[in-house]
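The values are calculated or read from the model by the stated rules, or taken from the named source; none is laboratory data. Since the model is a prediction, treat every value here as computed from it, not as a measurement. All Cβ positions, glycine included, derive from the backbone under ideal geometry; neighbour counts span all protein chains shown. With ligands, DNA and RNA removed, areas are computed over all heavy atoms of the protein, side chains included. Shrake-Rupley method; radii C 1.70, N 1.55, O 1.52, S 1.80 Å.
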Amino acid sequence: MSAGLMHGVTDAVSSAGGRRGTAIVTTVASDSHTWNLVFLQLLIEELGYEVINLGPCTPDRVVVDACRETAPDLVVISSVNGHGHQGGLRVIEALRACGELASTPVVIGGKLGVGGQQSEAAIAALLSAGFDAVFDDASTTAMEFIHFVGALPTAARAVERTEVVA
């Protein structure tokens, strides 16, 4: 992603009030790729979030435990190996089963299937399972992801952390 592509969007989001909250970035359990996570971490930090990168091949239980411990304002699950749809359905079920995570924004993106672009039915299945947005790399752009993240409300606790008390 070029700096020119992100310039206007990240400036607008960053100037909206400093830190926007905490985001967790991870892959599905079967995905061993790391560069996608590094890219996402840098992008999401540029958008004003503190990022916890759980790394590749993260078991579903570890994702759930990390989310319960940190109460993130956003969870981003990335897949490069084409198993994002399968792994995503499993991890979102585990996340949504935790009452305290029921309203946490959770998105998935990348190469979600081995056959290329996901069908509307496959994307609808991910949304019905509990994802707030799906960013299939064959049919969506990075700008759509940036706009989604930029539209999320600033976390109340992020504002509290940056307040100056006299």
- Extension gain (nm, one decimal) between Leu127 and Phe39, 0.36 nm per residue minus Cα-Cα: 29.3 nm
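Let me spell out the model: positive unit charges on the Cβ of Lys and Arg, negative unit charges on the Cβ of Asp and Glu, origin at the Cα centre of segment 13-94. What dipole size does that give, in debye rounded to 20? Could the numbers behind the result be given before it?
On the way: 5 positive and 9 negative charges, 11 e Å.
So the magnitude is around 60 debye.
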- Calculate one ³J(HN,Hα) per residue across segment 74-91 by plugging θ = phi - 60° into the Karplus curve 6.51 cos²θ - 1.76 cosθ + 1.60, and present them in order as whole Hz with x for glycine and proline. 7, 10, 10, 10, 10, 9, 10, 7, x, 10, x, 5, 4, x, x, 4, 5, 6
- Item | Whole-Hz ³J(HN,Hα) from phi, Karplus 6.51 cos²θ - 1.76 cosθ + 1.60, for segment 134-145, glycine and proline x | 10, 10, 6, 5, 8, 10, 10, 10, 4, 5, 5, 5
- Task: Please give the contour-minus-distance gain from Val64 to Arg90: 0.36 nm per residue of separation, less the Cα-Cα distance, rounded to one decimal in nm.
- Result: 8.2 nm
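Heavy atoms only, probe 1.4 angstrom, no DNA, RNA or ligands counted: give me Val106, Val38 ranked by accessible area, highest first.
Val38, Val106
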- Item | In Å², nearest 10: area of Asp137 left accessible to a 1.4 Å probe | 100
- Name the residues whose placed amide hydrogens come within less than 5 Å of the amide hydrogen of Val51, ignoring near sequence neighbours (fewer than 5 apart) on the same chain. Ala23
- Query: His147: accessible area at probe 1.4 Å, nearest 10 Å²?
  - Reply: 110
- Item | In sequence order, calculated HN-Hα J values of segment 30-35 (Karplus, 6.51, -1.76, 1.60; Hz; x Gly/Pro) | 8, 9, 9, 7, 10, 5
- Note on the structure: Measure of exposure for Asp60: accessible area at 1.4 Å probe, Å² rounded to 10, is 30
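Quick one: putting +1 on the C-beta of Lys and Arg, -1 on the C-beta of Asp and Glu, what dipole do you get for segment 27-166 around its Cα centre, in Debye to the nearest 20?
The calculation lands at about 260 debye.
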- Task: Give me the accessible area per residue for segment 58-97, probe 1.4 Å, as a whole number in Å².
- Result: 41
- What is the distance, in nm, between label points placed 7 Å from the Cα along the Cα-to-Cβ direction at Ser103 and at Cys57? 3.8
- Task: Express in whole angstrom the spacing between the alpha-carbon centres of segment 81-109 and segment 23-71.
- Result: 12
